[in-house]
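The values are calculated or read from the model by the stated rules, or taken from the named source; none is laboratory data. Quantities reported herein were computed from a predicted structural model and do not represent experimental measurements. Ideal geometry is used to build each Cβ from the backbone, glycine not excepted, and the neighbour counts take in all protein chains shown. The protein model used for the area step is the full one, side chains on, heavy atoms only, and it has no ligands, DNA or RNA in it. Shrake-Rupley method; radii C 1.70, N 1.55, O 1.52, S 1.80 Å.
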Amino acid sequence: MKNLIALFLLLLLSFGVAASEGIELQEANVDLSDNASLQRGAKHFVTYCLGCHSIKHIRYLRIALDTDVDPKKILKDIAPEGANIYDQLHSAMNAHDAEKWFGTQPPDLSLIARSRGADWLYSYLKSYYIDPKSPRGVNNLVFEDTAMPNPLWQLQGDQYAEPRKTIWGEEYNKLVIEKPGTLSGGEFDIFVNDLVNFLVYAGEPVQLERQRIGKYVIFFILMFLVVAYLLKKEYWKDID
């Protein structure tokens with residue numbers, strides 16, 4: 001009986017945690033073959049993210065080669081002033097200042113899209129809302145009490161979360177723009193999608209090549225299985 005009660009309480013707690021999230025992840029339109037989107041995403045990252053976050057496993061030259069663009073154009077239009085084409089995407093913020101200002105060191109974003117998922121990242125960047133109770137004045141529906149302030153607030157505008165009453169208390173599950181930003185809703189969606197697209201690419205720059213080669217590897221394995229099966233039949237046909 002005690003075990004049944006414990007199991008019931010565990011399920012109840014799990015349901016409460018799921019309900020408290022209060023938001024369904026939005027789907028990101030990831031297309032690593034869209035070079036224009038990747039270039040825009042790289043520019044967005046350098047402009048809005050590189051001040052705090054690094055991507056230490058990729059260089060500007062690699063971005064130029066993978067997106068089929070002149071390296072000089074990357075240095076002119078994307079990389080910060082003074083950067084070298086062989087530089088990695090390192091943040092100028094040191095660990096001491098980061099912990100002092102944010103309470104924690106901002107993570108390197110090399111693998112964030114792979115660990116969290118593109119949909120999670122896309123939804124996270126769109127789910128900031130004004131929260132007077134938060135020390136930074138904002139909160140996030142996808143990642144509650146996040147330490148990162150909203151880097152895109154000027155583009156998105158002032159967004160508020162509408163509360164709703166549930167059996168678990170008051171929750172937030174709907175976001176409403178009350179003061180528009182410099183981008184319209186559709187333009188902001190494209191902006192965030194380009195940024196997420198780039199971060200997915202940065203997590204595995206060889207993904208398209210891996211998928212292309214993988215098709216040939218699978219085809220070879222299937223052909224080898226057919227040959228192995230025919231050899232097996234030929235070898236055993238005269239053996240009782």
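Given the range 172-240, what whole percent of its Cα pairs are spread farther than 14 Å? Walk me through the numbers before you get to the answer.
Working: 1831 of 2346 pairs.
Of the Cα pairs, 78 percent sit more than 14 Å apart.
In the range 176-222, which GluC sites (Glu not before Pro) fall in coil by DSSP and have 13 or fewer other Cβ atoms within 10 Å?
Working: sites: 178, 187, 209; in loops: none.
Here no loop site has a sparse enough neighbourhood.
Sort 57, 44 from largest to smallest accessible area, using a 1.4 Å probe on the heavy atoms of the protein chains.
Details: 57 125, 44 30 Å².
Output order, biggest surface exposure first: 57, 44.
Working only with C-alpha atoms, what are the Rg and Dmax values of the range 117-235, expressed in angstrom?
Calculated on Cα positions, Rg and Dmax stand at 23.8, 78 Å.
Filter the trypsin sites (Lys or Arg not before Pro) in the range 100-136 down to the DSSP loop ones having no more than 12 other Cβ atoms within 10 Å, then list what survives. Write down the numbers at each step before the final one.
Values: sites: 100, 114, 116, 126, 133, 136; in loops: 133, 136.
Qualifying residues, ordered by number: 133.
Among the lysines, which have Cα under 28 Å from the Cα of residue 72 when same-chain residues fewer than 8 positions away are ignored?
Within the straight-line cut-off, residue 72 pairs with 43, 56.
Can you order the peptides 76-84, 33-41, 190-198 by their average number of other Cβ atoms within 10 Å per residue, highest first?
Working: 76-84: 13.8, 33-41: 17.7, 190-198: 23.3.
Packing order, densest peptide first, comes out as 190-198, 33-41, 76-84.
Which residues' amide hydrogens lie under 5 Å from the amide hydrogen of residue 89, considering only partners 5 or more residues apart or on another chain, with H built in the peptide plane?
55, 58
Starting from 0.36 nm per residue, how many nanometres of slack lie between residue 73 and residue 179 once their C-alpha separation is accounted for? Intermediate results must be reported in sequence, preceding the final value.
Details: separation 106, 0.36 × 106 = 38.16 nm, distance 3.55 nm.
My answer for the length gained is 34.6 nm.
Let me cross-check residue 54: its accessible surface, 1.4 Å probe, with only protein heavy atoms counted, in Å² to the nearest 10?
Residue 54 has an accessible surface of roughly 20 Å² with all protein chains in place.
What do you get when you divide the Cα radius of gyration of the range 53-120 by 2.2 N^0.38 Å, with N the number of residues? Write out the running numbers ahead of the final one.
Working: Rg = 14.1 Å, N = 68, 2.2 N^0.38 = 10.9 Å.
Its radius of gyration relative to the 2.2 N^0.38 Å reference: 1.29.
With a cap of 11 neighbouring Cβ atoms within 10 Å, and only residues DSSP puts in a loop, list the chymotrypsin sites (Phe, Trp or Tyr not before Pro) found in the range 75-133.
Values: sites: 86, 101, 102, 120, 122, 124, 128, 129; in loops: 86.
Here the sparse-neighbourhood loop sites are 86.
Explain nothing, just the number: dipole magnitude of the range 91-240 about its Cα centre with +1 on each Lys and Arg Cβ and -1 on each Asp and Glu Cβ, in debye rounded to the nearest 20.
On the way: 16 positive and 20 negative charges, 75 e Å.
Taking the Cα centre of the range 91-240 as origin, the dipole is about 360 debye.
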